Structure formats: structure tokens, C-alpha cells
Amino acid sequence: MPNIVIVGAQWGDEGKGKVVDVITPHFDVIVRYQGGNNAGHTVVVGREKFVLQTIPSGILHPGRRNIIGCGVVVNPASLIDEMESLVRRGVSLDGNLYISKNAHVVMPYHPALDRASESKAGKHRIGTTGKGVGPAYADKTARVGIRMADLLDERLFREKLEYNVRQKNRLLREIYDAESFTVEGILGPYLRYAGWLAPYITDTALLLHNWMEAGSSVLFEGAQGTMLDIDHGTYPFITSSSTTAGGACTGSGVPPTKIDGVVGISKAYCTRVGGGPFPTELGGEIADLLRTRGNEFGSVTGRPRRCGWVDAIGLRYAARINGLDTLAITKLDVLDACDTVKICVGYNYNDEVLTDFPEEERIWHEAEPVYEEISGWKTSTAGLRDYEDLPTKAREYLARLSELCGVGISLVSTGPVRDETILVNDSTLARWIPGLRSSLPPH
Ligand code: IMP
């Protein structure tokens, strides 16, 4: 079985959790490699809905091993809450969850700095989730961060904490006019969290190496999406981690030579939450229709998501940056009610039509999308499981999207639950995972 990376091909919220959940039974190990509790991966199992924030979605499958890699930033209180809530709902965490010693810790001053800097940013506000993820990664890069292993060494932890509290308090008080922190106020609770999490904290890169040597197959579960990547996204309106496929290696310690393929996940339309450019954003009735039918409200923050047409320029860029081998298209059924559906095939800027995703911030903000239109299919695709059962117009839409992105489509999701999934015959995923069709609920 190949080792596969799953990445968001848009601005996050593409439905990665569901796709990971559908293919997880075929993998031995599932790895989260970046982001933190800013993510919310929604998985519907039967009638139950789970929103996973830091724990890989593979946790819902007994017998899978789940890793929180070194590229993740861990808020211990939030992780413990998530673990306890899973256990209350009957999910076992016995010997199936491992946290990297090198993962950085989100400290109480990180959300405080996140909120303080956002409140003073005016029109430069990013619209973060307020979870402190950006400041935690900033400390990591500035080499003053605290890692999970540090929590287990009380003397070292205190030393690092004292330095950080001094530094952050000056920032909070003098620049942001905000509340400050005390070392003792943080030390006590964090040492308790450390005691609680200690059995799970380990050298996950070594574990992964050993398991892969022994033949285990690994699924890398990306969080957020390509357009939010620290290097390749719509900077500065991005998150602070490597959301693209390369992040799977740096965020786990698995070398690129061990990765066999990359699957991109995209909605049949597009959403973005928070500020920043979004060339195909819609207002008015169609945006409302997509938001309502797609239930486009943040799973972590509850914020309404901005909605728009699918952007083939952005998707082709995602295909290039991630080396996508195949695509999974989610929420096709949300478009069932549209009279026409549109695909962005170019950006009109200064009377020139750009067909490659530009790098300039000004163009993202000012370009006018150029659309191709396909008349809507106006019949329900909800719950369909066979590609041949899709209305002709829906198939035409998917085929054109695939042609424009230069990547084939393996999966189409037609609803939130596992069995509302179409596996395309002879597609890349069907070839990679021979047992996938038989593991989907029968037709
Ligand atoms: P941060 O990651 O909280 O710093 O937020 C930075 C940007 O990334 C904001 O626009 C957020 O809305 C966005 N963002 C962060 N996590 C997610 C996610 O899981 N889905 C969609 N957008 C996200």
C-alpha cells in the first residue's frame, strides 16, 4: 500500500476529514503534520458527528495508530479536552495515539498575543481563529518556543518559561496594552498537563521510521489548505504552517523518498474564512444559497464562510505546488440547486487574462475572474454512489474541472456520511487502494 498525503487544494474546509475517514481503513498509521487546534476536521460516523482539532481523524477507526507530528503546535488543554471527549463517546485511545516530543506547545500567551495583534491590525487584520497558532509558530522560528519534551523536564521548562513570560509581558503591556502573565500561573497547570500527556509523548519520527521499515502504510492528513500555506499561500492572509505536501515530510520526519502520492481535496465550489483575497467570491443570493446548502459555518469558530465559484486557476496552482496525483471533489450536491454553475478559468488584470496563479498580492485583490458557465443539472445528486448515476451536466462539470486542473478525479463526495461517496472506476485512488471499493458500503 502506498504512503499518501492528503492536502486541501483551496483555503481549507474542503472536507479532508471525510476523505481521510473513508480511506483510513486501508492504512496502518495516520499522521497530522502541521497546524493546531485552529483546524476542525468534521467526520460523520453513522448519526454521530465528530469534530477533530489536533487528533488525526484515524482515531475513529479501531486498530489504527495516530501520530501528532513535530510540525503540529499543540495546545495541551485543548488536546486533553479533545481526548476526554472522545473517550466519553466510546473512542479508545489505548496505545493508538502518539505525540511528537518535538511538537511545539501553544502557551497561554500565544492566544493573548494573537487576539491583541488582531485587535490592533485594522485593515491588515487576518481574521485568525484566535487560537494562538501564529504566535506559537513565530516562537518556533525565533527559537524561543517550548516543545512537548521540554514540558517533561521541569527545570528546563521553568527556565524557558521565565524567559518567554518576561519577553511576552513586555510586548503585551507596552505594545498592546493587554493583560500580562505570571510564571507560576502557567507552570502549575502546564506541569499537570505534562503529567497527563507524558505517556503519549515520544520520538514519533523514529516510530514512523521503524513502522515503515516493517511495512506499515502511512496516511498524512493535512490541515487547512494550499492557499493558506506560509510560503505558497496568499501571504500574509495565511496560516503559519506548511499546509502543502512538502509539510508532510518536515512535519513528520518522514523523507520525501518515502512518499508515494498526493491527493488534493477541493469542494465543487470554493469557500474561505477570515480575511484576504478571494477572486471568485460571490455576494447576494448565490453566496447565501451555497452557505445554507453547504452549511458553510466554521466548525471551530462558527464564523460564516465566504462562498464563491470554484477557481481552476487556484486548483491548477495547487496541483503544481503539491504535485497532486489525483483529486477528490466534495459537496457536489450543494450545487444541485444552481441554475448555472461557473468555473474560473482566468484572472483579468490590466486587460490581460492570466491563466497561471499570480504571486502578487495586488493582483489577487484586484483581478476580475473570467468564467466558463455550464447550465445547472437541477436534480439531486445527494447520496449518489455511482459516477454513471450523476446527471450529464454534473459529469460535464467535473470533467471540465479535471481537464482545467490537469488532474484526474478519483472520489466525488455527495453528502457528509461515509457511504455518500462515489469512487471513480479505474481512478488513481481505486488503483492505489485495491480494496477501497469493497470497503465502501454496498450500493
Ligand atoms: P490562524 O491559523 O488561526 O492563524 O488563522 C489564519 C488564517 O487561516 C485565517 O484566515 C483563518 O480563518 C484561516 N484558517 C485557520 N485554520 C483554518 C481551517 O482549519 N480552515 C479554514 N481556514 C482556517
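Points to keep in mind about this one:
- Using the Karplus relation 6.51 cos²θ - 1.76 cosθ + 1.60 with θ = phi - 60°, the per-residue 3J(HN,Hα) values for the range 394-407 come to 5, 5, 4, 4, 5, 5, 5, 4, 4, 4, 5, 7, x, 9 Hz, with x marking Gly and Pro.
- Residues 196, 11, 309 in ascending order of nearby Cβ atoms (within 10 Å, fewest first): 196, 309, 11.
- Listed by chain and number, the lysines whose alpha-carbon sits under 16 Å from that of residue 378, ignoring those within fewer than 8 places in the same chain, are 331, 342, 393.
- Scaled to the globular estimate 2.2 N^0.38 Å, the Cα spread of the range 327-440, given as radius of gyration, is 1.24.
- Extension gain, residue 141 back to residue 339 (0.36 nm per residue minus Cα-Cα distance, nm): 66.4 nm
- Estimated from the Cβ-Cβ distance and a Förster radius of 41 angstrom, the FRET efficiency linking residue 355 and residue 180 is about 0.20.
- For a paramagnetic label modelled on residue 363 (point 7 Å from Cα along Cα→Cβ), amide N atoms under 17 Å away belong, within the range 314-343, to 314-321.
- As a length-normalised measure over Cα pairs under 8 Å and 6 or more apart, the relative contact order of the chain settles at 19 percent.
- Each residue, residue 216 and residue 387, gets one label point 7 Å from its Cα in the Cβ direction; the gap between the two is 3.3 nm.
- Residue 235-residue 155 FRET efficiency (beta carbon distance; Förster radius 56 Å; 0.05 resolution): 0.90
- Residue 354 long-range amide H proximity, modeled H, under 5 Å: 347, 348, 349
- Taking 19 Å as the straight-line reach from the Cα of residue 160, the aspartates and glutamates in range (excluding those fewer than 8 positions away in the same chain) are 139, 150, 184.
- Candidates 399, 205, 121, ranked by Gaussian network fluctuation over the chain, Cα under 10 Å, top entry: 121
- Ranked by the mean number of other Cβ atoms within 10 Å of their residues, highest first, the peptides 332-340, 13-21 fall in the order 13-21, 332-340.
- Counting every other Cβ atom within 10 Å of each residue's Cβ, 200, 397 order from fewest to most as 200, 397.
- Euclidean distance of C-alpha centroids, the range 180-217 and the range 254-307, integer Å: 31 Å
- Two-site FRET efficiency, residue 51 against residue 92, from Cβ-Cβ distance with R₀ of 25 Å, rounded to 0.05: 0.85
- Proximal aspartates and glutamates to residue 258, defined as alpha-carbon separation beneath 18 angstrom and excluding residues fewer than eight positions away on the same chain: 28, 213, 221, 325
- Residue-span extension gain [residue 426 to residue 379] - 0.36 nm each, minus C-alpha spacing: 14.3 nm
- Ellipticity estimate at 222 nm from DSSP helix runs (n ≥ 4, -39,500 (n - 2.57)) divided over the chain, nearest 500: -9000 deg cm²/dmol
- For the range 104-199, the equivalent ellipsoid derived from the alpha-carbon gyration tensor has semi-axes of 25, 14, 11 Å in decreasing order.
- For residue 326, the amide hydrogen comes within under 5 Å of the amide hydrogens of 262, 264, counting only partners 5 or more places away or on other chains and with H modelled in the peptide plane.
- Computed from backbone phi, the HN-Hα couplings of the range 301-311 come to 9, x, 5, x, 8, 6, 10, x, 6, 5, 10 Hz, rounded to whole numbers (Karplus: 6.51 cos²θ - 1.76 cosθ + 1.60, θ = phi - 60°; Gly and Pro given as x).
None of the figures in this text is laboratory data; all of them are computed from the coordinates on show. All of these numbers come straight from a predicted model, not from anything done at the bench. All Cβ positions, even for glycine, are placed from backbone atoms using ideal geometry, and neighbour counts span all protein chains on display.
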